[in-house]
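J.: One structure, pasted below without further comment.
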Amino acid sequence: MPSTAMKKKVLLMGKSGSGKTSMRSIIFANYIARDTRRLAATIDVEHSHVRFLGNLVLNLWDCGGQDTFMENYFTSQRDNIFRNVEVLIYVFDVESRELEKDMHYYQSCLEAILQNSPDAKIFCLVHKMDLVQEDQRDLIFKEREDDLRRLSRPLECTCFRTSIWDETLYKAWSSIVYQLIPNVQQLETNLRNFAQIIEADEVLLFERATFLVISHYQCKEQRDAHRFEKISNIIKQFKLSCSKLAASFQSMEVRNSNFAAFIDVFTSNTYVMVIMSDPSIPSAATLINIRNARKHFEKLERVDGPKHSLLVR
């Protein structure tokens, strides 16, 4: 039977200067944070196409946030922009001096979404949190989150605090992408089975290009709640360093007296990280188990039939 593409339309919106293009460039275009300073403001809508998990194609539409463009989105382009939306990602500059205007544009977005795509998922990113004094971050984020949730009714929004200078950006985008993966439940079931069979403490699955965490299973409680996005950030930076030396990153083993961590290419679209604390299990056995599981997980990626295409605006 011929396959039909599953398309999901995602809007990336926010006022000019809020940081939309910078975060998109870091996650999907392999920029490092300091290099985003040379990015110019987005004019109208910027398109980019990213293959994600092989059959999942992200067509990224980054909507410029200058006042003229924003007004056009709500008037002459309203139906084109807001019809059939699956996800809205709205980015706020936490230090904006025009908070009232920011909220007005956000509410205009919500009205258009409610009219055209009432089932859309809403994500709000309170961005540039590194500019806020550390002891004030929790309070300020909580205030913004409460305001945004109140303004979003009857729709529900999920809020994240983000910065291009730390792992919070990976946490937010991993959570968003997780919502868009069609076979994520099947992935998690198989990852759990794999972890239990090889007696791992924890197993993580990363998307190969972005190094976003797309699935995980833990058998033992871990202390650091932010470990996933920290690992994403560290390994992504290491991969970029390798590429500058005309080398390619394939695998890594880190070992100390408490545990061993293995990061290795898994399928053609993923990396896997396996954490082992049992000293009686040799490294060679774990590496063989990873190699033996590859074919199974490759098959999982192929089995889910139609190509899935995401349209991100």
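The values are calculated or read from the model by the stated rules, or taken from the named source; none is laboratory data. What you see is a predicted model; the values in this text were computed from it and never measured. When we count neighbours, we look across all protein chains shown, and the Cβ atoms used for this are built from the backbone with ideal geometry, even at glycine. Areas reflect the complete protein model, heavy atoms only, side chains present, ligands, DNA and RNA absent. Shrake-Rupley method; radii C 1.70, N 1.55, O 1.52, S 1.80 Å.
J.: Determine whether the range 189-212 contains at least one residue that is outside the structural domain of residue 31 (by the TED database), open to solvent by 20 Å² or more (accessible area, probe 1.4 Å) and under 30 Å from residue 164 (Cβ atoms).
T.: Within the range 189-212 (the criterion being outside the structural domain of residue 31 (by the TED database), open to solvent by 20 Å² or more (accessible area, probe 1.4 Å) and under 30 Å from residue 164 (Cβ atoms)), the answer is yes, since at least one residue qualifies.
J.: Here's a follow-up. In the range 147-188, which residues are surrounded by fewer than 18 Cβ atoms within 10 Å (Cβ to Cβ), aromatic (Phe, Trp, Tyr) and under 28 Å from residue 300 (Cα atoms)?
T.: 178, the sole residue that qualifies.
J.: I would also like to ask the following. Among the listed residues 238, 266, identify the single one that is within 19 Å of residue 190 (Cα to Cα), at pLDDT 80 or above and not hydroxyl-bearing (Ser, Thr, Tyr).
T.: Exactly one of 238, 266 is within 19 Å of residue 190 (Cα to Cα), at pLDDT 80 or above and not hydroxyl-bearing (Ser, Thr, Tyr), namely 266.
J.: Further, regarding this structure: Considering 211, 206, 228, which residue is under 18 Å from the mean Cα position of the chain (by Cα) and on the phi > 0 side of the Ramachandran plot?
T.: None of the others qualify; the one that does is 211.
J.: Further question on the same structure: When the residues of the range 32-64 are filtered to those that are assigned to a strand (DSSP E or B) and over 27 Å from residue 206 (Cα atoms), which remaining residue is modelled with the highest pLDDT?
T.: Among those that are assigned to a strand (DSSP E or B) and over 27 Å from residue 206 (Cα atoms), it is 63.
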